[in-house]
1. So the check is Cβ under 8 Å with 6+ separation or different chains; which pairs have a first residue in the stretch 222-250 that's in contact (Cβ under 8 Å) with a residue 12 or more places away in the chain and closer than 21 Å to Arg36 by Cβ and a second one that's polar (S, T, N, Q) and open to solvent by 60 Å² or more (accessible area, probe 1.4 Å)?
2. Kindly evaluate Glu360 against the criterion of being part of a loop (DSSP other than H, G, I, E, B), among the acidic types (Asp, Glu), free of Cβ contacts under 8 Å to residues at least 24 places away in the same chain and open to solvent by 40 Å² or more (accessible area, probe 1.4 Å).
3. Which fully enclosed helices (runs of 4 or more DSSP H) of the stretch 225-293 have 2 or more residues being open to solvent by less than 40 Å² (accessible area, probe 1.4 Å) and under 14 Å from Arg67 (Cβ atoms)?
4. Scan the stretch 133-187 for residues that are at pLDDT 90 or above, small (Gly, Ala, Ser) and within 25 Å of Leu305 (Cα to Cα) and jot them down.
5. Does the stretch 336-344 contain at least one residue that is surrounded by fewer than 17 Cβ atoms within 10 Å (Cβ to Cβ), not in a loop (DSSP other than H, G, I, E, B) and not charged (D, E, K, R)?
6. Given the criteria open to solvent by less than 60 Å² (accessible area, probe 1.4 Å), under 19 Å from His190 (Cβ atoms) and out of contact with any Cys (no Cβ under 6 Å at 6 or more places or on another chain), does Ala378 qualify?
7. Among what's in the stretch 234-263 and is in contact with a Ser or Thr (Cβ under 8 Å, 6 or more places away or on another chain) and at pLDDT below 90, pick the residue that is nearest to Ser197 (Cα to Cα).
Amino acid sequence: MSEQRAPESGFELDNDLAAFEQEFASAGVEELAEIRPLPRVSIHAFCDTPQILETVEAVAADRRMARVHLKAVMGGIRSATEFFSEAATPNLILLEANQSYDQLVDDLDKLAEVCDIGTKVVLIGHINDVQMYRDLVRRGVSEYIVAPVGQIELIKSLSDLFGSPEAEPLGKSVAFIGAKGGVGSSTLAHNVGWSISSKFQQDVIISDFDVAFGTTGLDFNEDPPQTIADAIKAADRLDDQFLERLLTKCSERLSLLTAPAVLDNTCDYDGEFFGHMMELLQNSAPYIVMDLPHVWTEWNRQLLLNADEIVITAAPDLANLRNVKNLLDLLGQERRGDRPPHLVINQTGMQKRPEIKAKEFATALELTNYVEIPFDAATFGMAANNGQMISELGSNAKTADIFDTIAGDITGRSDAPKASKSLLAPLLGKLKKSK
């Protein structure tokens, strides 16, 4: 069996200008130009040697990694397993492996038991063997790089992992829609998006598609100069860089694409434009929260049908029940094999208002799984007026926990002990899908 030669770059970023120039020249100008900036992902690196740690730290400072949350520490696969037994795993784990192949498989098997669904694994190994590379990739490892590895080579490998034409879309799209107007779908979308970014430490983009009446800016107390309307006006030149300029950074892991909430134009837009926009958004962050308006246009229908997850919010009355039934019938016909929508019955227990009990509401729809949110005018009113999320107020932990539960269901992450999954069936099979 012929052996694959290790890369010759080996640049260790110790401020040695000559070494950098040598690696730059060997990479080639065309190859460097093809390296695209990485999207909003979280990467945690565990390094066995100071040389690899220095390289990873230099990679973190590169301009193409500006949107990436990268942490690098000393310690190999066993350190990673110990750490993630108590913490959620990031979008990508970068590991240096110094052990034999048999020991490597055993260590990865234990790591798989504590990994969340969707996490990618990249190995930097010291064994240069083609068959070993093929076995690891076949078992689910995203990439195997032979040490020594240089800064440019490592950035390119990470960029190709998320940006190649063959790669699956990075982001999971989650559509929030109300069975009627005013049932709290936007409030739910914003609070769940906040929970995904703050509690589960995942990068999120909340996109407000209610161009005329959207409330995302108000709910987060943001008044950005550019909105989704600017993207619509410049549809012919919309690309990832232009879209990046339209986003408003609300927190370390949360960005907003707000609506202008003006009535200059009607909302009869081109559906193909929104399809293109969603492709760009899904290649920018692990989670895209779509705050859909309560209108029934072709473009809104397609956004709903094409979403990875759907959350329907309803108030407990007869009109909402009818509308939810119609939505479920449509989604059942058009999305066979997809996960059923999440149902949130909101504003229950409002005084002096006749309502259908949540359990009866769900039973009429032949559903057993639903989430109920009690009516709390004081808390939600204060949050709306202050431009804050419910969890920021700290006055209603129970409601904040409900949002966290929905976020955990959508992401597949929770504080509960993680289920064991054998590496050999196959290795990290559950880690192969990107978020």
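The values are calculated or read from the model by the stated rules, or taken from the named source; none is laboratory data. All of these numbers come straight from a predicted model, not from anything done at the bench. Ideal geometry is used to build each Cβ from the backbone, glycine not excepted, and the neighbour counts take in all protein chains shown. Accessible surface is based on the protein model in full, side chains and every heavy atom, while ligands, DNA and RNA are left aside. Shrake-Rupley method; radii C 1.70, N 1.55, O 1.52, S 1.80 Å.
1. As it stands, the answer is Asp240/Asn283; Arg245/Gln226; Leu246/Gln226, since those pairs meet every condition given.
2. Considered against the rule, which asks whether it is part of a loop (DSSP other than H, G, I, E, B), among the acidic types (Asp, Glu), free of Cβ contacts under 8 Å to residues at least 24 places away in the same chain and open to solvent by 40 Å² or more (accessible area, probe 1.4 Å), Glu360 comes out as no.
3. Numbers: elements: 228-233, 240-246, 271-282.
In the stretch 225-293, 271-282 are the helices (runs of 4 or more DSSP H) which contain 2 or more residues that are open to solvent by less than 40 Å² (accessible area, probe 1.4 Å) and under 14 Å from Arg67 (Cβ atoms).
4. Scanning the stretch 133-187 gives Ser173, Ala175, Gly178, Ala179, Gly181, Gly182, Gly184, Ser185, Ser186.
5. Let us first name the residues in the stretch 336-344 that are surrounded by fewer than 17 Cβ atoms within 10 Å (Cβ to Cβ), namely 336-340.
Next, only the ones that are not in a loop (DSSP other than H, G, I, E, B) stay: none.
No, the stretch 336-344 has no match at all.
6. In short, no.
7. Asp240
Quick grid of which residues meet (1) open to solvent by 20 Å² or more (accessible area, probe 1.4 Å); (2) part of a loop (DSSP other than H, G, I, E, B); (3) charged (D, E, K, R):
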position	(1), (2), (3)
Ile145	no, no, no
Gly182	yes, yes, no
Ser186	yes, no, no
Asn191	no, no, no
